[in-house]
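Working notes for the structure below.
The values are calculated or read from the model by the stated rules, or taken from the named source; none is laboratory data. What you are looking at is a predicted structure, and each value in this text was computed from that prediction instead of being measured. Methodologically, a virtual Cβ is constructed for each residue, glycine included, from the backbone with ideal geometry; neighbour enumeration extends over all protein chains shown.
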Amino acid sequence: MKIFSVTLLAVLSSFPLACGYSSKTPTPAQPGAMPAISQLAPNSTSHGTPALVLTVNGSNFSATAVVNFNGAAQTTTQVSGNQLTATIAASDLATAGTVPVTVTNPGTPGMGIYGSGGTLAETSSPMNFTIN
């Protein structure tokens, strides 16, 4: 009986080692959709003007895309997958110069096993907005 007990204990203690358990490495996030700007409307204004609504036309805009004006995220409304609008504050239009405008599609979190997957945030190439 003692040999049977020892054998059974040895078999049961080795079972967890044979089940294939190992720590899993999450799959890295994949590139997201790259937005592209084709046109700004208006594409310029005079310095000191009041706030304005900037329309950004392009492609691959996600439902949560954000317009960045001079590097700062603006409150953005999606009109379609190809058009966004953002209100630019008068304080951002106070000084003459050239301001870069970009669009960022935020990343999405991984939903797979162990938090795997998801997409990375992607930002368009800049298009210049002129303040005269």
* To do: Would you mention how many residues in region 80-110 are touching a Phe, Trp or Tyr at 6+ places or on another chain (Cβ under 9 Å), part of a strand (DSSP E or B), without any contact (Cβ under 8 Å) to a residue 60 or more places away in the chain and surrounded by 12 or more Cβ atoms within 10 Å (Cβ to Cβ)?
  => 6
* Asked: Could you list, in sequence order, the residues of region 62-79 that are part of a loop (DSSP other than H, G, I, E, B) and of a type outside the set (A, V, I, L, M)?
  -> 62, 64, 70, 71, 74, 75
* Hits in region 43-76 - residues which are under 20 Å from residue 32 (Cα atoms) and free of Cβ contacts under 8 Å to residues at least 24 places away in the same chain -> 63, 76
* Could you tell me whether region 50-60 includes any residue that is modelled with pLDDT of 80 or more, under 25 Å from the mean Cα position of the chain (by Cα) and in a loop (DSSP other than H, G, I, E, B)? => yes
